[in-house]
Amino acid sequence: MKIRNKAVVTATALASSVALATLVAGPANAADTLPITFQADTTTVIAKTGQPVVFPTTALATDVDLVGGTVTGTLALPQASADLKLGPATLANFTISIVDATPVSGTIAAGGPAEAPQLELNVAQSFKIRIDSVKPLGIGGTGSSGSAALDLIPPGSNCVTSETTANLTGALDAIDLIQNNEADTHVKGTYTIPQFQNCGTYTSLLNGLIAGPNNTLDVHLTNPVFDVGTQQAIASKVAL
């Protein structure tokens, strides 16, 4: 079981319906939160071009409020690179960063049929999007690798959007999570890419290719770790 500090818990007790109800509703004598950290593999698809942008693997560290049925977390996405396409043509390679991100916050609730209980997530995160570089392909460079010397984003500029919000939903298999310490689920939603500002001569072009509504965001959650310390600490969180 992937529980830090060598904590050992009886799987049957954790998988019981009583423990499941405790996890999302919380009895009066339970501790306030249950920390769970997931591996997060995140992909966004730009609606205007259909272009996926895959972020490097990172962690989603969450705290589940056992009393209020809420969840808060931290998801700090690393810088990502992708090709910028227009139809079948690849125009450039670009890098983006997610900046000024708020905590992930929302609700977690018991759901699904009795024989296959789920923990349903409904969360949101606000952030800004910054374009760090746009390097045209085949111009002064080496074809598909782009041009090392030519960057359409001026040095020292801050080519960034205003704040936007992604609303995401998904469901965790409760038995897998609680009994087996496993997860394999996608938390998905859409968001708008606002207009970019301060990008230099090509600001309008970049907005025409990238900015707009209905962009998708998919966070694939796996490998949960219950960061609760000792066996006694876990027992207190699912105490009857």
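The values are calculated or read from the model by the stated rules, or taken from the named source; none is laboratory data. Computed from a prediction, not measured in an experiment: that's the story for all the values here. Glycine gets a Cβ as well: all are built from the backbone with ideal geometry, and neighbour counts include every protein chain shown. The protein model used for the area step is the full one, side chains on, heavy atoms only, and it has no ligands, DNA or RNA in it. Shrake-Rupley method; radii C 1.70, N 1.55, O 1.52, S 1.80 Å.
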- Message: I need the phi-derived Karplus couplings for region 78-87: 6.51 cos²θ - 1.76 cosθ + 1.60, θ = phi - 60°, integer Hz, Gly and Pro marked x.
- Response: x, 4, 10, 10, 7, 7, 9, 10, 10, x
- Item | region 154-204-region 54-108 distance, computed between alpha-carbon centres (Å) | 4 Å
- Sorted by packing (mean other beta-carbon atoms within 10 Å per residue), highest first, where do 181-190, 200-209 land? 181-190, 200-209
- Show GLU163, GLU115 ordered by accessible area, largest first, where the area counts protein heavy atoms only and the probe is 1.4 Å. GLU115, GLU163
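For SER204 and LEU150 in the same chain, what is the full-extension length gain: residue separation times 0.36 nm, less their Cα-Cα distance, in nm?
Taking SER204 through LEU150 to full extension adds about 17.6 nm, to one decimal.
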- What is the list of residues in region 158-194 whose amide nitrogen lies under 16 Å from a point 7 angstrom out from the Cα of THR222, following Cα to Cβ? 173, 177, 181-187
- Under the 7 Å Cα-to-Cβ spin-label approximation, ASP65 and ASP184 lie apart by a distance in nanometres of 3.3 nm
- Hey, got the dipole for region 37-115? About the Cα centre, +1 on K and R Cβ, -1 on D and E Cβ, debye to the nearest 20? 360 debye
- Note on the structure: If amide H atoms are modeled at 1.01 Å from N in the peptide plane, then the residues at a separation of 5 or more from ASN215, or on another chain, having amide H under 5 Å from its own are ALA47, TYR191, ILE193
- Message: Can you give the local net charge around THR216? Use residues other than it whose beta-carbon is closer than 15 angstrom to its beta-carbon, Lys and Arg +1, Asp and Glu -1.
- Response: 0
- Excluding residues fewer than 8 positions from LYS135 in its own chain, the aspartates and glutamates with Cα under 16 Å of it are ASP83, ASP151
- Task: Note down the net charge around ASP100, summing +1 for each Lys or Arg and -1 for each Asp or Glu among other residues with Cβ under 11 Å from its Cβ.
- Result: +1
- ASN158 and THR74 label points (each 7 Å along its Cα→Cβ direction) are spaced in nm at 2.3 nm
- Task: For ALA89 paired with ASP176, estimate the spin-label separation in nm (one decimal), with each label point 7 Å from Cα along the Cα-to-Cβ line.
- Result: 4.3 nm
